[in-house]
Each structure stands twice: as structure tokens, then as C-alpha cells.
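Beneath this line is the structure, given in C-alpha cells, with notes to follow.
Every read-out reported here was derived from the displayed coordinates using simple, explicitly stated rules and does not represent laboratory data. What you are looking at is a predicted structure, and each value in this text was computed from that prediction instead of being measured. Note that we place each Cβ from the backbone using ideal geometry, even for glycine, and neighbour counts take in every protein chain shown.
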Amino acid sequence: MGNLLEHVGIEKERVHFSWISSAEATKFVDVVKKITEKVRALGPNKKLKKQYN
Amino acid sequence: MKIIKIDKKEWEQGLDKSRKEYHLFGAVKDKDYYLIQALGDKVYPDMESSDTILSPKSVIFPQTEKMLTANLDEAQDNHHIMERVETDYSPRAVLGIKPYDAKAFKILQLNFDTEEFKDPYFCDAYAATTLVGLAVNNPGQFDFSTSVDTGPFDETDLDVLLIDTGNEYLAKVITDKGENFISKCGFDNQTDEKNALETISKLKKKAEKAIVSTVSHDKLNGKTILELYNAPFWDDIAFSCINCGTCTYVCPTCWCFDIQDETKDKSCIRFRNWDTCMSRLFTEHASGHNPREGKTQRVRQRFMHKLKYFPDKYDQGLMCVGCGRCVKHCPVNIDIREICEQMNS
Amino acid sequence: MHTYTEKIQNLAKDVLKQGKAEMVIGFKQGTIPMAANPFVAKNENDADNLIWSSTCGLNLANYLPGIKKCEGKIGIIAKGCDSRNIVTHIVENKIDREKLYIIGLPCTGMVDKKQIALLFDDEITQFSEEGNTLIVKSETKEEKINKQEYLRSNCKTCTHRNPVIYDELVSDLVEEQIIEDQFADVKKIEAMSSEEKWDFFDKLTEDCIRCYACRNACPLCYCPTCFVDESGPQWVGKGQNTDDIKTFHYLRAYHCAGRCTDCGACEEACPMDIKVRNFTRKLNKDSLELFNWEAGLDISQRPPLDTYQPDDPDDFIM
């Protein structure tokens, strides 16, 4: 799934997959931190954002 | 009747003059094929083009058309009140439209512009539009327009008919709208009417004679709806149909649409889209019941509508102008001419 | 006339006469040049209308799920890709192998009709073929062209021209092509930057009219209600909004992951000449590289997205 999104031009740093058990709170926090850093570095997404007008 | 001679060398200059008042539309080559498009500055219609894939109906009846908007912010006085969207209805001209494609607008009018009901979006767009036709001197093999009460030189719904005589166009000015457009272009070389009409008549006869494709529908009127509806051939006709919308979307006379609302935050728009009777969803009821559940029923509907229901209801001939687009573009080669013959036999 | 035509007619007649099948799905001659019309022969007389040509590019496996009234077996003419979609139908429990009588057709490729049409300024009025030579005429000129140069792009890279499953064959098997780089087109896109990729697919889908011919010509798309047709909830807007149009194409592609046989019916059907295989090709490449999988080769194999293996690639999980 990530591969096709990347293929059509969605930056691959925007899409993340992880496997976290409900008991792994620290891992969850870690992953979310990493993701937000990466996405922040990319700036706001403008793709596949429907314009209603 | 005024007939103006236009030197082809002056054609583009004339169009540029008209741009002060008109938005121009015409056939433009896009990738490998022709589409009808709004012409930007210094873009000119390709008058030699073969048929556009889609008919010009979208100039007046776009595939997606905004109708109403509403503000959902309850702090505002006008909240939840639908208001018509502002659309630019300043004059537009469609250049080089095929005469039978223009005739199709007369058919669309039967649905959108009646004594009783007037669709404001269609009527306003239609009123704003000047149709500058180009007679078809060399009809293609898919053209069966002369079999369906129109033809390569049909003036029924044109404001101007251009006839290509080689180095120049003869412009037959048919309506006041046409007169205004031609004068805004600065074309004023009025020519001797008698001679011009003779030339036109010769070319017209030649073009009509060159049409190789025909359909007969003379017996349809005498058959009852049920006789045709229950005819044994529908399953076989429908077998290969994949129920895509190609035939209805390329058709200049298919007028069905679907209305949708979309809401984002505090604003809402209502718009309509072309719809297609080939789709199962077209007739699906909220209850889940679908009166046209099977593809045979849907295929039958399309042809019955064009060739029987419409003629019976309006007495204005078939709901088809013989442009041949559906024949050419159907992915599985379902051919309305063949089906019409079958229904007529 | 194509050399296969007579053979198909004879085989179909025999099949119908002997009751090996109740009907035979094939093609009949179209009403316009370079067109073939999917057709079902129910008796020996009908079988005289069956034809074969290099314009039979649609995938007949698409018609199998639609056949409801058939007590006996369904006969079907299947070129390589059609047969792979038949396998996919069997694997996905759409149809029983026992219900089918497959007349396999070793294929030498289908022609790219749109590319041939571009050779002419006017309309094509006649099309015929002699072996590898295509003879195409319009009012103003005649072209004799080499079929191999005018194959559809999926046929150019096809490595399964022979049917993978059949009860009978129309002719001897043909030699399979050896393709040096099967996914050169996908790699070209992969090498682009995100922005270039985005623009490429923007341009690709800009003329889409949402007729859904690509979806409806595809044997994989048999869902009773497609996600774009759902109304409660409505997953995707129905207007000509570019994001809605792209959403349709992306999601349709996802649904074909690990299932697509690259038969090219979607592109064949598209009235706007949109090269929609650009979406599915990427997934086919990934299926091959990640799972060593090509769809529809074997009825005993479960597809990769339907099974779990401990060594499935998982380097995308962080």
C-alpha cells in the first residue's frame, strides 16, 4: 500500500506502518514522535486534499 | 439571408476581435485526440479536426455543474438557505460545431426548456451561446445523420453556418445572434446570395450523397411499446455490454443527470453530474429495490428511450442525431444502427 | 480471415454438438473496422459467427460471473491472459473449474488500435491481417505494417501468451517471449521525484470522464457494489473533481493488487485513451519482486495477499 502511494507521488515519509501492542506505550510514543518529526520536516500536505468550492 | 465571404487568412484575426465580447470554444488537439475546450488567448479551434470524442453538449450542459450553495453557519442570517451560485453567462461562441451536434441542443431543450419547466442553468447557458457551425463536406463512415432528420448541412439550431469552399468560408448568417457574432469579428464582405446558395447547395448534395451509413426507423412508430419491450433480442444485444457510461457520456443528446450535495465545514454546495442509465445505481431506490436490476433491462432502456419512448412522447423524431460517437467509442462495439434495424424489422 | 477463425468455429461446433458445453463465449465480427464484439454461441449455427483477429483485445473471462442461466458447462475461448483471469476466478471461488470448458488459444498479441489509428489523418475503413502483416486502409491511403511493432504495450511485455489452463487448444503452443526488462515503464516513474510523480498522474487522469469502462472491462472488478457506487456512506465524491477521480483510480488499483494479469482490457476499453495500467503495473512489479508472484498461473496457489508466510517482506514496518 505504501509503495503505490509513494509511486503516485505521496512522499514516503508521510505514510508509516508499525505494529504496536497495547502494552507497548513507550514504543507507541516513540513511533509517534518519529512520525511527527518526519512529517513536520515535509511541511503541510497539499496532495489529495479536495478543494470544495 | 445574408451570406458573408470570409478569407481563411482573416479567420483568426476575426476571432481575436470577437474575444472582446465572447468566450470562444472549439475543438483542440489534446494529446492524440480532439476535445471541445474553452479557447485561451491565441488558441484557435482546429477547423479541420475530426470528431471530438465528447460531443459539444458540455459547453451548455457541463459534466459537473454547480447549482446552489448554502452557508451552514448558524450565526449568519442566511444560514441553511440554498442560493444559486454565480456563473459567468456572458456571451460564448462554439466554433466549428457540426450541424447535427447543434441540432442535439434542440433535443436537449425539449427536456430543459419547456413551457412548464425551465432549467435556469441550461436556459441561461443556452441563451448566452452562439453556435457557429461548420458544414461537414466529407462525412465519415460513422455519420448517419441524414437518416435521423438532420444532416451535414442542417441549420436547425445554428446561428451561423460556415461552408468551407477551399480558401474561404461562406458564412450563412441565420439568426440575430449569428449576425452579432459575425459583425463583432469584423467579417463584412457580403457576397452575391444567389451564387453562394448555389455553391452551398452543390456541396450539400455532394456531402449528403457521401454518407454511407444509414438506419431505417420507419416502422418503429407503428409498433407498440410492449411489442418492442418484450422483443426476444434484448438478452443477445445486452450480452456483450459492460455497462460503462461511455455511450451516454459521448452522446450529444443524453441529458440525464444526478444531483449531489457536498458539505465541508460550514459550507455546502449542490451540483449536478451527468448520469448514465447504464449504471445500476441510476435507478436504485432507497429501499434497495431496483427496477432495472439486470444489464439487459438497462441496455433496453437506453435504446427504447432513444428510439421509442422519446419519439412517442415528443413526436420530434429519434433522440439521436447520427453523430456515430457511441458506435465508434463503445468498448465492446454495441452499434445503435444495428439495434435500430432490429427493432424496426 | 485469421487462421484461427475456422478452427475456433469447428471446435465450438464440436463442443456444442457433443454437449461438452452449453454455450461458447467468443467474439464475432464487429460492425466497424478493428472492432470485435463479445458474443455467446448457443448452437452450431451461432458458431459460424465466431471469429478471431488481433483486435480481440477484451478479456472474455469478464463475462463468466454474469452468466446465471446455464445448466451445463460454459465454453470459453481463452487467450493467455483470459486463461489467467479464469484461474483467478477459480481461485477466488467465483466459478468452478468443472463448470468450464476452456478452448485455449495460443496468442501472438493484440494490436494497439489507437496507435494504428494515429497513422491516418482520416478514418480507417478496412482492417485485415495476413500472418504478421496488418493491412489497414482509409479513404486516402493504405498501410501494410508489421503487427509486432503495433502490439499493445501489455502484449509487448507478455510472457504468458499460451493459455495456462485449457481443455482443448486452437493450435500448437506458441513460443513465449523472453523480455529483458519487464518493468522498464514502471522504473521510469519510480526514478521520478514525488512532485514529478504527482504531476505525471495528474496529467494521466485529467481527461477521465468516470465512465468506469476500465473497471467494467476488468474481470477482477466483480464486486456487487463498487466502492464508488456506495451511497451509505459515500466514500468518494461523484463530480469531476480531480481528487475524486484520482481516488477512484488509486483504490481500483489497490483492489487489483496481486490479482492483475496485465491483460490490458482496461486500456482497451477507455474511450479517452488513458493509460490506466500505469497504476496496476506498479503493483504487478511489487508482487513479483516481493512475493515472486504472477497472478493466475496455478489454481492450487493462494494469492500472496490472501496468505501469511513468516518470511513475508516486512521492512516497511517501523
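Quick notes on this structure:
- Percentage, to the nearest whole number, of Cα pairs in chain C over 29 Å apart: 40
- Lys pairs under 26 Å by Cα in the stretch A:3-53, provided they are eight or more residues apart or on distinct chains: 19
- Dimensions (Å) - chain B, Cα atoms, principal axes, largest first: 65, 65, 42
- Rg and Dmax [Cα atoms of chain A; Å; Rg one decimal, Dmax integer]: 13.7, 45
- Of interest is the spacing of the C-alpha centroids, which for the stretch B:126-202 and the stretch C:15-90 amounts to 47 Å.
- For chain B, calculated [θ]222 nm from helices alone, where every DSSP H run of n ≥ 4 adds -39500 (n - 2.57): -8500 deg cm²/dmol
- Computed on chain C, with alpha-carbon pairs under 8 angstrom and 6+ residues apart, the relative contact order is 17 percent.
- Computed over the Cα atoms of the stretch C:3-161, pair by distinct pair, the Kirkwood hydrodynamic radius stands at 16.5 angstrom.
- For chain C, a Gaussian network of Cα nodes joined below 10 Å ranks C:Lys275, C:Lys114, C:Lys28 by mean-square fluctuation, and the top entry is C:Lys114.
- Members of B:Lys219/B:Lys328; B:Lys328/C:Lys246; B:Lys264/B:Lys306 lying beyond 29 Å, as alpha-carbon distances in this model show: B:Lys264/B:Lys306
- Straight-distance candidates among the aspartates and glutamates for linking to C:Lys17, with alpha-carbon spacing under 14 Å and chain neighbours fewer than 8 residues away dropped: C:Glu44, C:Asp46, C:Asp48.
- Total lysine pairs under 19 Å (Cα atoms) in the stretch C:127-215, excluding pairs fewer than 8 apart on one chain: 8
- Cleavage-rule hits, chymotrypsin sites (Phe, Trp or Tyr not before Pro), the stretch B:53-138, DSSP coil, Cβ neighbours within 10 Å at most 16: B:Tyr89, B:Phe117
- The stretch C:275-309 and the stretch B:28-100 have Cα centres separated by 42 Å.
- Note on B:Asp315/B:Lys118: beta-carbon distance plugged into 1/(1 + (r/R0)^6) with R0 of 22 Å gives a FRET efficiency of 0.55.
- Listed residue (B:Asn167, C:Ile209, B:Ala70) projecting farthest to the positive dipole end of the protein assembly as shown, Cβ model: B:Ala70
- Partners of C:Lys68 within straight-line reach, counting aspartates and glutamates whose Cα lies under 17 Å from its Cα and excluding those fewer than 8 residues away in the same chain: B:Asp235, B:Asp236, B:Glu293, C:Glu22, C:Asp96, C:Glu98.
- Over every Cα atom in the protein assembly as shown, the radius of gyration and the widest Cα-Cα span, Dmax, amount to 27.6, 94 Å.
- Percent of Cα-Cα distances greater than 17 Å, calculated over the stretch B:218-313: 60
- Antiparallel DSSP beta bridges within the protein assembly as shown, percent to nearest 5: 70
- Mean per-residue shielding of peptide B:244-250 is 6, counting Cβ atoms of other chains within 10 Å of each Cβ.
- Along the stretch B:18-24 the Karplus relation, 6.51 cos²θ - 1.76 cosθ + 1.60 evaluated at θ = phi - 60°, assigns HN-Hα couplings of 5, 4, 4, 10, 10, 8, 9 Hz to successive residues, with x for each Gly and Pro.
- Between the stretch B:264-329 and chain A, the alpha-carbon center distance in angstrom: 42
- Size of charge dipole - the protein assembly as shown - debye, nearest 20, with Cβ of Lys, Arg +1 and Asp, Glu -1, no other charges: 440
- Whole-number percent relative contact order across chain B, with pairs defined as alpha carbons under 8 Å at least 6 apart: 22
- Only aspartates and glutamates eight or more places from B:Lys223 in sequence, or on another chain, were considered; those with a Cα closer than 19 Å are B:Asp312, B:Asp315, B:Glu338, B:Glu341.
- Once backbone amide H atoms are built at 1.01 Å from N, B:Met67 has B:Arg270, B:Phe271, B:Arg272 as its partners under 5 Å, excluding neighbours fewer than 5 places away on the same chain.
- Across the stretch B:124-185, C-alpha contacts under 8 Å between residues 6 or more apart give a mean separation that, scaled by the residue count, equals a relative contact order of 32 percent.
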